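Readers should treat all values here as calculations from the given coordinates under stated rules, not as data from a laboratory. Given the structure is predicted, the values throughout are model-derived calculations rather than measurements. Backbone-built Cβ (ideal geometry, glycine too); neighbour counts: all protein chains shown.
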Amino acid sequence: MKNTLLLLTFIFSVSISAQESKLLFNGENLDGWTIYGTEKWYVEDGLLVCESGPDKQYGYLATDEHYKNFELTLEFKQEADGNSGVFIRSTVDGTIVNGWQVEVAPPGHSTGGIYESYGRNWLIKPEPEKDKALKMGEWNEMKIRVDGDNITSWLNGTEMITLTDKIIGAGEGSVILQIHDGGGIKVKWRNLQLTEL
């Protein structure tokens, strides 16, 4: 009887985990996402690609669903410039975003730090020596954990920042990928997996 209960508990735990974890990008199209702005978002060889368009403005790709407490893992590869980001609990109107960005940027520009657009600006930057975790031009794995007022980011296994902030804690919204303005940017994304907490 005890073994049966343990087995049922395990099966129940596994099924709950499977329900809470989901791929945000299906590798085929942009179903479940909405494009904001005129920059380019497309699927190529099973990868999600963002690229500056002729307007060279900010561009965003937002999940249609909102996510509050979660752990998000993803991989990105910066092919040109690479100034991008992953917004959490954020909303966008046109190309004006309200929320918090986990920075994705070229070397020396605080990848993994937290920036509040149209608000308090930089909230926290990683210590400079942590920048060596970034592999420009190669695939990088980023993990973002958001739970209540707390946010932590990791890059290729290195914890970049941890921050407690009540304003972020009160935030509501989507996961949003960014193309920075200025032109010349191209970033590829894959394996965007979110587990709700």
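A compact table of results
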quantity	calculated
Between 0 and 90°, nearest 10: helix 2-20 axis offset from the chain longest Cα axis	20
Cα-based equivalent ellipsoid of the range 138-197: semi-axis lengths in Å, sorted from largest, via gyration tensor	23, 16, 12
Two-decimal log10 I(q)/I(0) for the range 51-149, as the Debye equation yields it once each C-alpha is a single scatterer, q = 0.12, 0.15, 0.22 Å⁻¹	-0.41, -0.65, -1.40
Helix-derived mean residue ellipticity, 222 nm - over the chain, DSSP H n ≥ 4, -39500 (n - 2.57), to 500	-3500 deg cm²/dmol
Relative contact order (percent, whole number), the chain, Cα cutoff 8 Å, 6+ residue spacing	32
³J(HN,Hα), Karplus 6.51/-1.76/1.60, whole Hz, each residue of the range 118-123, x for Gly, Pro	6, x, 7, 6, 5, 9
Surface/4 of the Cα convex hull for the chain, nm²	12.4
Set of lysines near LYS56 by C-alpha distance (under 21 Å), chain-local residues within fewer than 8 positions excluded	LYS40, LYS77, LYS186, LYS188
Dipole axis of the chain (+1 Lys, Arg; -1 Asp, Glu on Cβ), positive-most option in VAL43, PHE87, LEU72	LEU72
Note, ³J(HN,Hα) from phi for the range 86-92, Karplus 6.51, -1.76, 1.60, rounded to Hz, x at Gly and Pro	10, 8, 10, 6, 10, 10, 9
Sparse-neighbour loop sites [GluC sites (Glu not before Pro); the range 130-190; at most 12 other C-beta within 10 Å; DSSP]	GLU138, GLU172
